[in-house]
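Take a look at the structure set out below.
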Amino acid sequence: MFGELDLLRVKVLVDDKASFDGRTLAEHGMSMLVEAVSGGRAFRVLFDLGASFEVLGRNARAMGVDLLSVDAVVLSHAHYDHTGGLEGFLRWREESDPPGDLLLVFHPSLLRPAYALSPFLRPIGLPGGPRALEGLKGVEIVSSRGPVPLGPGLWTSGEVPRREPLETTPPHMFRLSGDGLERDSLEEDLSIFAVVKGAGGVVLCGCCHAGMLNVLSLFREMAPGVPIFAVVGGLHLVGASRERMDLTAERLRSSGVRMVVAGHCTGFEAMCALKSALGGALLEMHAGLELSLP
């Protein structure tokens, strides 16, 4: 248990869908600003950075978000649609006279070259690779396989144990190793966990390649007895079997979760399955969406 928050605000800066009011742009990617308030102090986390800093920066300005106020950046996994904005953000931040140091958190496997074989062999990992993190000023890098506390009531999941047989990673994704290409388990995939007074647990996902059910199990182990109030992020059910979609939807329903805000890589069929199971508890994520919990 890592304590409790008084308030949690989430602002979706990048998603595959944009707001209807025209303020924001859509992009294949995900980024959210997480503002955790405890004891009158706010700690701000930029969780993933979308595919480009151009869209991230524009949407942040449109939503009134000052990216220089960010205390930490957490990367859920290596894929470009979550890390593509990192190098541009870090360069911009360094040139903008930031008020303090920045914490950068990720799993060590994030730096391994990642590839997809569909529709052709192409790199899909961190653009620029490890060199994108060289020579940084005012940045403290924490590369950890385990959970990392971000503040009272807010922490990263660390590596997620894979127990659910249906929750497998896409077969067209590979990593480069000494022996060539090997099937990518995406062991670096992590989420952010929070416990909010008066609400309960909140699970924030990037792509949830580790599997939604595996992630929920890990949260329960880390915060025993805390009911899960909300899940926000991409659930990566696009292309999943119908059996997996239905199982995920039913487990979420039976968990008593009050709110599921899903988008990015969740997929249309999975959204339909989730809507059927969760009814009004399901919300569609989009760039420009703002949440305040409780």
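General observations
- Take the Cα of Arg242, step 7 Å toward its Cβ, do the same at Leu68, and the gap between the two points is 5.5 nm.
- Taking every lysine pair in region 7-293 that is 8 or more places apart or spans two chains, those with Cα atoms closer than 29 Å amount to 5.
- Placing unit charges on each Cβ (+1 for Lys and Arg, -1 for Asp and Glu) gives the chain a dipole about its Cα centre, and among Phe268, Gly85, Ser185 the Cα reaching farthest toward its positive end belongs to Phe268.
- Region 82-98 versus region 124-184: alpha-carbon centroid distance in Å: 19
- Computed over the chain: relative contact order in percent, which uses C-alpha pairs under 8 Å that are six or more apart: 20
- Considering only region 91-197, percent of DSSP beta bridges that pair antiparallel, nearest 5: 75
- Close amide H pairs (under 5 Å, H built 1.01 Å from N) link Val260 with Val231, Leu282, Leu283, residues at least 5 positions away or on another chain.
- Summing Lys and Arg as +1 and Asp and Glu as -1 over all other residues whose Cβ lies under 11 Å from the Cβ of Cys205 gives a net charge of -2.
- Ranked Tyr80, Tyr115, criterion: other C-beta atoms within 10 Å, fewest first: Tyr115, Tyr80
- Residues of region 189-233 with an amide N closer than 17 Å to a point placed 7 Å from the Cα of Glu250 along the Cα-to-Cβ direction: 212-214.
- Label-to-label distance, nm, for residues given as His28 and Arg91 (7 Å Cα→Cβ offset): 2.3
- DSSP-defined beta bridges in region 7-293 - what % are antiparallel, rounded to 5: 60
- Charge dipole (Cα centre; +1 on Lys/Arg Cβ, -1 on Asp/Glu Cβ; no other charges) of region 11-105 amounts to roughly 260 debye.
- Positive dipole terminus of the chain, leading residue within Thr24, Pro227, Val215 (C-beta point charges): Pro227
- Computed extension length for Leu121-Ser217: 31.2 nm, one decimal, from 0.36 nm per residue of separation with the Cα-Cα distance subtracted.
- Cβ-placed point charges (K, R +1; D, E -1), dipole of the chain about Cα centre in debye, nearest 20: 420
Computed from the coordinates by the stated procedures, all read-outs in this text should not be read as laboratory data. Since the model is a prediction, treat every value here as computed from it, not as a measurement. Neighbour counts are summed over all protein chains in view; Cβ atoms, including those assigned to glycine, are modelled from backbone coordinates with ideal geometry.
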